[in-house]
Amino acid sequence: MAVFISEPALEEQTFQPVSSRKRAWRRFAKNRLAVGGLILIVLFILMAVAAPVIAPYSPDATHFGQAFHPPSAQHLLGTDELGRDLLSRIIYGARGSLLSAVLIVILGVAIGVPVGLVSGYYGGWLDEVLMRIVDAGLAFPGLVLAMAMAWILGPSLIHAVIAIGLVTIPQFARVTRGQVLEVKNREYVEASRCLGASPLRIMFRHILVNAATPIIVVATLSIGGALLSVASLSFLGLGPPPPAPNWGEMLQSGAEYLTMAPWISLFPGAAIFLAVLGFNTFGDGIRDVFDPNHQ
């Protein structure tokens, strides 16, 4: 006896494969800490972009008669030693802090990745020379080296970005070189050589694309460290000079008033902590998504 299956039933039994992007998002969404980190990052970005709209006062407006006011309905996070609204300065400070951290990572990637790519692909004496230079950079404590460069260049946000960005170059060069050594002898790379592809095409079209995952993970995790380094240089007086609002400088200016007005340092420190926490947990989630051994 013939059995007829209706068309809707056939549609229900049709297999629809889940795309790799959806699988990656589902895996990421299972990590609650990573999702929380992403939410924090989005909130800080929105705060930085909408600073002129959401800040209740001008970040540089001084009112000496209102100095050291504790948190209240008028000033939600209190005021500093010059009577400036602390909430407004933290909101505006997110702009310079986040932008500088992203620029630092971009600088490290823009120089470190090509160095590691060329070193790993060509090998030989070129690899030896480049990697010895990279090892020399890794031999110095990163923050100390950044402090020395920032002191030589002078206190400003751009100089802090350059100093810390140069320090991050060796780690990106090392990570890239390691991935290139793993990828460059695979079959599709050899096939490209046999077809007459140029070294530049092979490096950027075939090797770098397939070695990009660890670089993306390291770059994501490095943003939190870069933000912390910028705050450290600003705390030491090597960041953007006052009155530009900066979390590290705000933390330093309130250090001498910890006993009488602890909120001046407490809230900028909390902003630094939450921003770094957000980028680190988000980076951990990205690493788990791309990790083939992750269950």
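The values are calculated or read from the model by the stated rules, or taken from the named source; none is laboratory data. What you are looking at is a predicted structure, and each value in this text was computed from that prediction instead of being measured. Here the Cβ positions follow ideal geometry from the backbone for every residue, glycine too, while neighbour counts run over all protein chains shown.
Values computed for the structure shown
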| item | result |
| --- | --- |
| Flag if Gly178 is under 19 Å from Ser119 (Cα atoms) and of a type in the set (Gly, Ala, Ser) | yes |
| Selection count, region 50-64, where residues are free of Cβ contacts under 8 Å to residues at least 12 places away in the same chain and not small (Gly, Ala, Ser) | 2 |
| Any hit, region 229-243, residues being modelled with pLDDT of 85 or more and in contact with a Ser or Thr (Cβ under 8 Å, 6 or more places away or on another chain) | yes |
| Odd one out for Leu221, checked against (1) touching a residue at least 12 places away in the same chain (Cβ under 8 Å); (2) surrounded by fewer than 16 Cβ atoms within 10 Å (Cβ to Cβ) | (2) |
| Search result, residues across region 65-92 that are among the β-branched types (Val, Ile, Thr) and either more than 26 Å from Val276 (Cα to Cα) or without any contact (Cβ under 8 Å) to a residue 60 or more places away in the chain (or both) | Thr79, Ile91 |
| Which listed residue is surrounded by fewer than 22 Cβ atoms within 10 Å (Cβ to Cβ), among the hydrophobic types (A, V, I, L, M, F, W, C) and in a helix (DSSP H, G or I), from Ala197, Ala275, Ala191 | Ala191 |
| Residue check, Pro56 at pLDDT 90 or above and not in a helix (DSSP H, G or I) | yes |
| Looking only at region 148-158, and only at residues there that are modelled with pLDDT under 85 and in a helix (DSSP H, G or I), the one that is surrounded by the most Cβ atoms within 10 Å (Cβ to Cβ) | Ala150 |
| Test: Glu128 is out of contact with any Leu (no Cβ under 8 Å at 6 or more places or on another chain), modelled with pLDDT under 90 and part of a helix (DSSP H, G or I) | no |
| Number of positions in region 72-120 that are polar (S, T, N, Q) and part of a helix (DSSP H, G or I) | 4 |
| Selection status of Leu145, touching a helix residue (DSSP H, G or I) at 6+ places or on another chain (Cβ under 9 Å) and surrounded by fewer than 19 Cβ atoms within 10 Å (Cβ to Cβ) | yes |
| Verdict on Ile202 being within 23 Å of Pro214 (Cα to Cα), of a type in the set (A, V, I, L, M) and modelled with pLDDT under 90 | yes |
| Residue satisfying condition, being surrounded by fewer than 15 Cβ atoms within 10 Å (Cβ to Cβ), among the hydrophobic types (A, V, I, L, M, F, W, C) and either without any contact (Cβ under 8 Å) to a residue 40 or more places away in the chain or assigned to a helix (DSSP H, G or I) (or both), within set Ile216, Ile202, Ile264 | Ile216 |
| Selection status of Ser119, surrounded by 20 or more Cβ atoms within 10 Å (Cβ to Cβ) and closer than 30 Å to Glu249 by Cβ | no |
| Considering residues of region 219-237 that are within 18 Å of Asn280 (Cβ to Cβ) and either part of a loop (DSSP other than H, G, I, E, B) or of a type in the set (A, V, I, L, M) (or both) only, the residue nearest to the chain's Cα centre (by Cα) | Ile223 |
| Subset of region 233-251 [surrounded by fewer than 21 Cβ atoms within 10 Å (Cβ to Cβ) and not hydrophobic (A, V, I, L, M, F, W, C)] | Gly237, Pro241, Pro242, Pro243 |
